[in-house]
Amino acid sequence: MDSIRPSPAPNRSRIAKTFQKVIHLKTATKSRSSPGFCLPIPQEKQRCCESRQFERECAEEAMEEYRIRAGLEAFVAKLFATVSAVKAAYAELQMAQFPYNDEAVQSADQAVVDELKGLSELKRRFLKNQIDSSPPHVTLMLAEIQEQQSLMKTYEITMKKMQGEIENRESRISSLQEQLKDIIQNNKTLEKKLNASGSFSVLDNVKLSDSSPKDFILVLHYALRSVRNFVKFFIREMESANWDIEAAANAIQPDIRFINRDHKAFAFESFVCREIFAGFNDPNFSVQTNEQSLPKENHQRRIFFFEQFKKLRSVNLIHFLKQNPNSSFGKFLKSKYLHFVHPKMEFSFSGNLNQRKMVNSGEYPETEFFKSFAERLAFTLFGIFI
């Protein structure tokens with residue numbers, strides 16, 4: 001019998017188990033460790049990294065919010081600029097209608113339509129949240145330029161409109177001034193006719209024998225109006241000759257203080273009345289007539305002067321005086337003119353003494369001042385005397 005030899009199987013089994021344990025240990029160690037070589041991160045450094053990440057996210061959110069806000073501001077600016085453009089286009093349309101200009105109306109109407117289309121496009125983009133078509137700063141700049149251009153256009157249209165109104169008003173003023181000149185001229189003509197012929201219509205149906213104090217009062221009131229009219233003309237002559245109106249009034253009435261400048265006319269009225277009524281109590285009242293040609297009785301003299309006055313009412317005074325230089329009225333006028341108009345006054349008004357020389361020689365000038373004196377003062381006063 002063969003002897004029993006021990007089997008090597010147990011040894012192999014033991015080696016296999018040992019090898020398996022070693023392999024299993026290495027596998028477990030690898031599974032518990034990170035792949036490759038890595039050191040553990042400290043907690044402070046990890047918190048710092050997380051803080052930086054948070055700050056980066058906040059900055060990105062702030063930038064996004066700023067971008068959105070800037071886009072909205074740019075959009076609103078463009079909206080306002082478009083509205084200003086619509087207003088300017090509409091103002092131009094109104095301007096083209098008055099006065100009506102067909103080409104200008106069509107052009108302005110198309111401009112209004114284009115601006116309204118732009119406004120509609122902005123509304124569409126806003127509703128669809130499409131407001132970031134260009135950089136906000138560029139949009140803001142373009143919107144500012146557009147709005148300034150629209151404002152300038154509106155101001156130019158307004159200026160043209162106001163200039164047109166000024167021209168219309170100036171034309172209206174010129175027309176009214178011409179009408180005023182015509183009215184003044186017509187008034188002067190009527191005044192001359194009234195003074196020459198119809199001044200004393202109150203005496204048309206009055207006979208000298210039937211005259212009453214009432215008739216005298218009517219004539220006296222008209223005479224006072226004539227004096228006031230002459231004084232207005234007299235003051236204008238003094239102003240044209242650069243007289244000191246205040247000094248002249250104070251020379252006439254030195255003890256009176258005039259509060260209102262227009263009240264100085266009363267001083268000149270008193271001066272005129274004082275001068276022309278001088279000698280009113282004289283039966284002939286400065287009428288230098290040959291005594292032999294006058295009736296001896298006072299009543300007959302009154303009739304004589306009344307007939308002279310009636311004859312003068314229906315004629316042109318200057319023409320009558322030239323044809324009848326030695327008439328009673330002509331001598332009366334000569335006496336009153338030379339007494340009232342001082343040589344210095346006449347020289348100041350006309351620059352010479354030609355009128356005085358003509359009156360002294362029995363001639364009667366046709367100047368405006370002499371006509372006013374003869375028709376407004378002398379003739380009226382002659383009627384009162386009669």
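The values are calculated or read from the model by the stated rules, or taken from the named source; none is laboratory data. These numbers were taken from a predicted model, which means no experiment stands behind them. Here the Cβ is made from the backbone with ideal geometry for all residues, glycine too, and neighbour counts use every protein chain on show.
Can you name every residue in the stretch 95-132 that is within 18 Å of Gly164 (Cβ to Cβ) and free of Cβ contacts under 8 Å to residues at least 60 places away in the same chain?
First, the residues of the stretch 95-132 that are within 18 Å of Gly164 (Cβ to Cβ): 95-101, 104-105, 108.
Ala96, Gln97, Phe98, Pro99, Tyr100, Asn101, Ala104, Val105, Ala108 - these are the residues of the stretch 95-132 that are within 18 Å of Gly164 (Cβ to Cβ) and free of Cβ contacts under 8 Å to residues at least 60 places away in the same chain.
Scanning the stretch 209-250 for residues that are within 43 Å of the chain's Cα centre (by Cα) and among the acidic types (Asp, Glu) yields Glu237, Glu239, Asp244, Glu246. In the stretch 128-182, which residue that is at pLDDT 80 or above and basic (Lys, Arg) is farthest from Ala88 (Cα to Cα)? The selected residue is Lys181.
For the stretch 339-366, filtering for residues that are within 15 Å of Pro325 (Cβ to Cβ), hydroxyl-bearing (Ser, Thr, Tyr) and either surrounded by 16 or more Cβ atoms within 10 Å (Cβ to Cβ) or touching a helix residue (DSSP H, G or I) at 6+ places or on another chain (Cβ under 9 Å) (or both) leaves 1. Would you pick out the residues in the stretch 251-280 that are under 39 Å from the mean Cα position of the chain (by Cα) and in a helix (DSSP H, G or I)? Scanning the stretch 251-280 gives Arg261, Asp262, His263, Lys264, Ala265, Phe266, Ala267, Phe268, Glu269.
Quick one: is Thr82 in contact (Cβ under 8 Å) with a residue 60 or more places away in the chain, closer than 17 Å to Ser150 by Cβ and either among the hydrophobic types (A, V, I, L, M, F, W, C) or in contact with a Leu (Cβ under 9 Å, 6 or more places away or on another chain) (or both)? Yes. Does the stretch 145-152 contain any residue that is in a helix (DSSP H, G or I), in contact with a His (Cβ under 9 Å, 6 or more places away or on another chain), surrounded by 18 or more Cβ atoms within 10 Å (Cβ to Cβ) and outside the structural domain of Ser372 (by TED's automatic domain parsing)? No - not one qualifying residue is present in the stretch 145-152. The residue of the stretch 212-237 that is nearest to Arg261 (Cα to Cα), among those that are surrounded by fewer than 17 Cβ atoms within 10 Å (Cβ to Cβ) and of a type in the set (A, V, I, L, M, F, W, C), is Phe233.
Can you tell me which residue in the stretch 121-137 is surrounded by the most Cβ atoms within 10 Å (Cβ to Cβ), limited to those that are assigned to a loop (DSSP other than H, G, I, E, B) and of a type outside the set (S, T, N, Q)? Filtering the stretch 121-137 for residues that are assigned to a loop (DSSP other than H, G, I, E, B) and of a type outside the set (S, T, N, Q), the one surrounded by the most Cβ atoms within 10 Å (Cβ to Cβ) comes out as Ile131.
Being within 27 Å of Glu144 (Cα to Cα) and modelled with pLDDT of 75 or more: is that true of Ala62 here?
Here the answer is no, as Ala62 does not meet what is asked.
Against the list (1) modelled with pLDDT under 80; (2) out of contact with any Ser or Thr (no Cβ under 9 Å at 6 or more places or on another chain); (3) closer than 24 Å to Asn316 by Cβ, the condition Gln185 fails is (1).
Filtering the stretch 87-120 to residues that are surrounded by 19 or more Cβ atoms within 10 Å (Cβ to Cβ) and closer than 26 Å to His137 by Cβ leaves Ala88, Glu115. The residues in the stretch 351-364 that are within 16 Å of Ala374 (Cβ to Cβ) and either among the hydroxyl-bearing types (Ser, Thr, Tyr) or assigned to a loop (DSSP other than H, G, I, E, B) (or both) can be counted, and the count is 3.
Do you know which of the residues in the stretch 253-305 that are of a type in the set (Val, Ile, Thr) and surrounded by 13 or more Cβ atoms within 10 Å (Cβ to Cβ) is modelled with the lowest pLDDT?
Going through the stretch 253-305, the residues of a type in the set (Val, Ile, Thr) turn out to be 256, 259, 272, 276, 287, 289, 303.
Remaining after also requiring surrounded by 13 or more Cβ atoms within 10 Å (Cβ to Cβ): 256, 272, 276, 287, 289, 303.
Values: Ile256: 80, Val272: 86, Ile276: 80, Val287: 56, Thr289: 50, Ile303: 68.
The extreme case among them is Thr289.
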